[in-house]
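Asker: Handing you a structure now.
The values are calculated or read from the model by the stated rules, or taken from the named source; none is laboratory data. Here the structure is a predicted model, which means the values were calculated and not measured. FYI the Cβ positions are ideal-geometry reconstructions off the backbone, even for glycines, and counts take in every protein chain you see.
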There are 2 protein chains.
Amino acid sequence: MKKTNIADVAEEAGVSKSTVSQYLNKRYHFMGEDTKNTVKAAIEKLNYKPNYIARSLKQKKTSTIGVIVANILHNFSTQIIQAIENYCQLHQIHVIVSNADDSPHKEKNHIEMLRAKQVDGLIVFPTGENQEVYQSLLDEKYPLVFIDRLGPNGNGPSILLDNEKAIHLAIQHLIDEQVNDIGIVTTSLKQQLTPRFERVEAYQKIMRENNLYINEDFIISTELHKMKGTFKKLLNKSNPPRGVIAGNDLSLIQILECCREEHVKIPQDLAVIGIDEVSFAKAFHPTITTVAQPTFDMGKKAAKILIQEINEGVKKHDNVYRFTPDITIRESSKWLLGK
Amino acid sequence: MKKTNIADVAEEAGVSKSTVSQYLNKRYHFMGEDTKNTVKAAIEKLNYKPNYIARSLKQKKTSTIGVIVANILHNFSTQIIQAIENYCQLHQIHVIVSNADDSPHKEKNHIEMLRAKQVDGLIVFPTGENQEVYQSLLDEKYPLVFIDRLGPNGNGPSILLDNEKAIHLAIQHLIDEQVNDIGIVTTSLKQQLTPRFERVEAYQKIMRENNLYINEDFIISTELHKMKGTFKKLLNKSNPPRGVIAGNDLSLIQILECCREEHVKIPQDLAVIGIDEVSFAKAFHPTITTVAQPTFDMGKKAAKILIQEINEGVKKHDNVYRFTPDITIRESSKWLLGK
DNA sequence: CTGAAAGCGCTTACAG
DNA sequence: CTGAAAGCGCTTACAG
């Protein structure tokens, strides 16, 4: 059974394809009421569904965008995807999700495939090693929004957390709790990724501003599967930190597991603060102090900017949108309470 | 700057469009070595990228599938999406993710839009209220795979957990721990969704088989935001359950928060088992006993079957693939240990 | 107010 | 071994 197309409908209704097309696109201006009805009837009778691929080819617009996440395993990524999907749904736009799996090579493939599929724009968590590719997209005014990490040389619109503020909130709170020996644990890749970089920078800056000693051993950047080993070593030093900031949700879990296995009591022995909200924050013993990213707002903003670029054309290239984190103080960081 | 198309390449290379097309599709059989090289050079010189939309129109194949999840907020959904995306990536297929947000109306819209975009097939967590739509897709041999829930009248291939086994594992373990007063808490929607239905059924069956008393109050099916209130009431009864099975990850968190707020000790006062693995299982105090679904395998299988249907045509319609759950016994269910 | 024609960028029998 | 032509299913100036 051949699928019915616009010609079939035209024949059934006894009008031309043009007229059917006008009807489909709701350009009723000059359409006779009766023509309209015959077309409508024919469409229903034949159960006709327009082929958007054909339309896309002609209109050079697919109403589909691509999202390339660096690593889909992070909760942050899936939340951003949710927010983007949610906003796009309202605008009748589809989202193709691709996972770069932290591989610049895969990332590049995804960019090419998605462009070949003519997506109208791209939201990307850049891995950091395809700078020229992104720069050339930017140069040709292709709609493109970066998220979580800056684009090439900071070019292009990007949606970022105010990382300095996040670290500031965490350290300030720990200081208020009289915790001065503070460590930070982040997942690290070879690349100088924005969040990790900015967070460690901010850590050093704010410690310095508060005249606190920066022990280089207290800064851990390592792959997830090595994190526990490294962190345990730190915990078992003669002078371990009294407080620790987890750079993201996955690091937090590693830290919590370490503390459990090493019988380190939170917050008495170690005050813990996680960046990124986690589902179990209020269920945990102790409840977990977190510095939440407004993931939902960030994803929505990325989608909004992209759709605007698609509809109105790409204009300036240098907007960085910083989102303000929000600390929720719970038990895990309350060292004074532990006394 | 107009994008270069196949005609530009043909002109540059001094051959016909057909020949360029042959080259692009790697049909080198009858192609002269020199022709091949000229075409190659022309493509590189012009930085030509083929337009897959045009190809799709002609070939009636988009190399794109759609996934409609009932509710993207469940960890289970995002893990399934990850597995599907992962498998499809190996097969050069793109995935469009749509969230039905538990709304049959949205679900139906998604089905229509995705079909209009000519996706080659669909993987769906059916909400349960679009039976006729699915039946007609099945009737026209459209590639379609259900996941987590059965299709209309059980028709169509579906990927499910062996829910009875999951409940069996949980209850048997609790019985081994001498816990006999067992409750079950699930999120409920109006619809008779497969997992909830099968799990509550299995609960009743297995309790009966073990000659355990089934207290109807111990079966809680309610929306997430009402769960805590309902569960707390149960906890404060004169005869509360001694053990509880959380129907999924979100329910588990609600239960854990309740226990914390009501100072109910796990496992001494209440043994807890969660269905679905959770990120914090090994970090929690106590560690959480879980009955894990093999989400990754399930997602992969769904993608595999769908791609097979796409490539080889749709054959039989009645395969239900049951995946075996796996219990990991940790502290939260060890009532005897609490003694 | 409606229709004929051209075209979007490819692929694919078919002819030579 | 290569090319001319038709066609995938739409949309869109333009003519009338």
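Asker: Of all residues in the stretch A:128-159, count the ones that are surrounded by 22 or more Cβ atoms within 10 Å (Cβ to Cβ) and among the aliphatic types (A, V, I, L, M).
Answerer: Looking only at that region, the number is 5.
Asker: Okay, moving on. Residue by residue through the stretch A:220-230, note down the ones that are under 16 Å from A:ILE275 (Cβ atoms) and surrounded by 15 or more Cβ atoms within 10 Å (Cβ to Cβ).
Answerer: So the first thing to find is which residues in the stretch A:220-230 are under 16 Å from A:ILE275 (Cβ atoms), and the list is A:220-221, A:224, A:227.
Across the stretch A:220-230, the qualifying residues are A:ILE220, A:SER221, A:MET227.
Residue-wise test of (1) aromatic (Phe, Trp, Tyr); (2) in contact (Cβ under 8 Å) with a residue 40 or more places away in the chain; (3) within 30 Å of A:ILE159 (Cα to Cα); (4) away from chain B (no Cβ under 14 Å).
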position	(1), (2), (3), (4)
A:ASP181	no, yes, no, yes
A:THR186	no, yes, yes, yes
A:ILE219	no, no, yes, yes
A:PHE231	yes, yes, no, no
A:ASN248	no, yes, yes, no
A:GLU257	no, no, no, no
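Asker: When you go through A:LYS26, A:LYS60, A:LYS40 one by one, which is the residue that is in contact (Cβ under 8 Å) with a residue 12 or more places away in the chain, within 16 Å of DNA strand C (Cβ to nearest atom) and either closer than 22 Å to A:ASN311 by Cβ or assigned by TED's automatic domain parsing to the domain that holds A:ASN109 (or both)? Walk me through how you get there before you give the answer.
Answerer: Values: A:LYS26 fails: in contact (Cβ under 8 Å) with a residue 12 or more places away in the chain; A:LYS40 fails: either closer than 22 Å to A:ASN311 by Cβ or assigned by TED's automatic domain parsing to the domain that holds A:ASN109 (or both).
Selected residue: A:LYS60, the only one of A:LYS26, A:LYS60, A:LYS40 that is in contact (Cβ under 8 Å) with a residue 12 or more places away in the chain, within 16 Å of DNA strand C (Cβ to nearest atom) and either closer than 22 Å to A:ASN311 by Cβ or assigned by TED's automatic domain parsing to the domain that holds A:ASN109 (or both).
Asker: Scan (1) away from DNA strand C (no atom under 16 Å from the Cβ); (2) farther than 16 Å from A:SER98 by Cα for the single condition B:SER98 breaks and write down its number.
Answerer: (2)
Asker: Pairs, please: C-beta under 7 Å, at least 6 apart or cross-chain, first residue surrounded by fewer than 20 Cβ atoms within 10 Å (Cβ to Cβ) and in the stretch A:293-307, second polar (S, T, N, Q) and in a helix (DSSP H, G or I)?
Answerer: A:PHE296/A:GLN79
Asker: Follow-up. Please go through (1) away from DNA strand C (no atom under 16 Å from the Cβ); (2) in contact with a strand residue (DSSP E or B) (Cβ under 7 Å, 6 or more places away or on another chain) for B:THR78 and return the number of the only condition it doesn't satisfy.
Answerer: B:THR78 satisfies all of (1) away from DNA strand C (no atom under 16 Å from the Cβ); (2) in contact with a strand residue (DSSP E or B) (Cβ under 7 Å, 6 or more places away or on another chain) except (2).
Asker: Sticking with this structure for a sec: I'd like to check which strands (runs of 3 or more DSSP E) are fully inside the stretch A:258-337 and have at least 2 residues that are more than 30 Å from A:LEU144 (Cβ to Cβ).
Answerer: Working: elements: A:271-275, A:289-292, A:320-323, A:326-328.
Once the strands (runs of 3 or more DSSP E) in the stretch A:258-337 are filtered for at least 2 residues that are more than 30 Å from A:LEU144 (Cβ to Cβ), what remains is A:271-275, A:289-292, A:326-328.
Asker: Look at B:ASP162 and say whether it is surrounded by fewer than 21 Cβ atoms within 10 Å (Cβ to Cβ), touching a Ser or Thr at 6+ places or on another chain (Cβ under 6 Å) and under 25 Å from B:ASN248 (Cα atoms). Before you say what the answer is, go through the steps one by one.
Answerer: Working: surrounded by fewer than 21 Cβ atoms within 10 Å (Cβ to Cβ): yes; touching a Ser or Thr at 6+ places or on another chain (Cβ under 6 Å): yes; under 25 Å from B:ASN248 (Cα atoms): yes.
Judged against the criteria, B:ASP162 is a match.
Asker: Only one of these is aliphatic (A, V, I, L, M), within 23 Å of A:SER158 (Cα to Cα), more than 16 Å from DNA strand D (Cβ to nearest atom) and modelled with pLDDT of 95 or more: A:ILE111, A:ILE96, A:ILE72. Name it.
Answerer: Values: A:ILE96 fails: modelled with pLDDT of 95 or more; A:ILE72 fails: modelled with pLDDT of 95 or more.
Result of the check over A:ILE111, A:ILE96, A:ILE72: A:ILE111.
Asker: Which of (1) surrounded by 15 or more Cβ atoms within 10 Å (Cβ to Cβ); (2) within 10 Å of DNA strand D (Cβ to nearest atom); (3) in a loop (DSSP other than H, G, I, E, B) does B:THR4 not meet, given it meets every other one?
Answerer: Every condition holds for B:THR4 apart from (2).
Asker: Which residue is farthest from DNA strand D (Cβ to nearest atom), if the candidates are limited to the stretch B:12-33 and must be within 20 Å of B:GLN59 (Cα to Cα) and not in a loop (DSSP other than H, G, I, E, B)?
Answerer: B:LEU24
Asker: Could you tell me whether any residue of the stretch B:254-271 is surrounded by fewer than 22 Cβ atoms within 10 Å (Cβ to Cβ), under 30 Å from B:PRO104 (Cα atoms) and among the hydrophobic types (A, V, I, L, M, F, W, C)?
Answerer: no
Asker: Please pick out the residue among B:THR19, B:THR35 that is without any contact (Cβ under 8 Å) to a residue 40 or more places away in the chain, more than 11 Å from DNA strand C (Cβ to nearest atom), β-branched (Val, Ile, Thr) and more than 30 Å from B:LYS300 (Cβ to Cβ). Lay out the reasoning, then the answer.
Answerer: Values: B:THR19 fails: more than 11 Å from DNA strand C (Cβ to nearest atom).
The match here is B:THR35.
Asker: Further question on the same structure: Can you name every residue in the stretch B:103-119 that is surrounded by fewer than 21 Cβ atoms within 10 Å (Cβ to Cβ) and not polar (S, T, N, Q)?
Answerer: Hits for the stretch B:103-119 are B:PRO104, B:HIS105, B:LYS106, B:LYS108, B:GLU112, B:MET113, B:ARG115, B:ALA116.
Asker: Considering only helices (runs of 4 or more DSSP H) fully contained in the stretch B:34-141, which possess at least 1 residues that are within 26 Å of A:THR4 (Cα to Cα) and within 7 Å of another protein chain (Cβ to nearest Cβ)?
Answerer: The qualifying helices (runs of 4 or more DSSP H) are B:52-59, B:104-116.
Asker: With the requirement that a residue be small (Gly, Ala, Ser) and modelled with pLDDT under 95, what does the stretch A:146-180 give you?
Answerer: A:GLY151, A:GLY154, A:GLY156
Asker: A further question follows. Of the conditions (1) surrounded by fewer than 19 Cβ atoms within 10 Å (Cβ to Cβ); (2) modelled with pLDDT of 90 or more; (3) of a type in the set (D, E, K, R), B:LYS190 satisfies every one except a single condition; which number is it?
Answerer: Answer for B:LYS190: the failing condition is (2).
Asker: Ok, one more. Taking B:ILE53 as meeting all but one of (1) within 13 Å of DNA strand D (Cβ to nearest atom); (2) touching a residue at least 12 places away in the same chain (Cβ under 8 Å); (3) among the β-branched types (Val, Ile, Thr), write down the number of the exception.
Answerer: (2)
Asker: Can I ask one more? Does the stretch B:146-162 include one or more residues that are facing chain A (nearest Cβ under 10 Å), away from DNA strand D (no atom under 16 Å from the Cβ), more than 13 Å from the chain's Cα centre (by Cα) and over 25 Å from A:ILE68 (Cα atoms)?
Answerer: The first filter runs over the stretch B:146-162 and keeps only residues facing chain A (nearest Cβ under 10 Å), leaving none.
Looking for residues that are facing chain A (nearest Cβ under 10 Å), away from DNA strand D (no atom under 16 Å from the Cβ), more than 13 Å from the chain's Cα centre (by Cα) and over 25 Å from A:ILE68 (Cα atoms), one finds none in the stretch B:146-162, hence no.
Asker: Could you please find all residues in the stretch A:5-16 being among the hydrophobic types (A, V, I, L, M, F, W, C), more than 8 Å from DNA strand C (Cβ to nearest atom) and over 14 Å from A:PRO50 (Cα atoms)?
Answerer: At the first step, the residues of the stretch A:5-16 found to be among the hydrophobic types (A, V, I, L, M, F, W, C) are A:6-7, A:9-10, A:13, A:15.
Now narrow it down to the ones that are more than 8 Å from DNA strand C (Cβ to nearest atom): A:6-7, A:9, A:13.
Listed by number, the list holds a single entry, A:ALA13.
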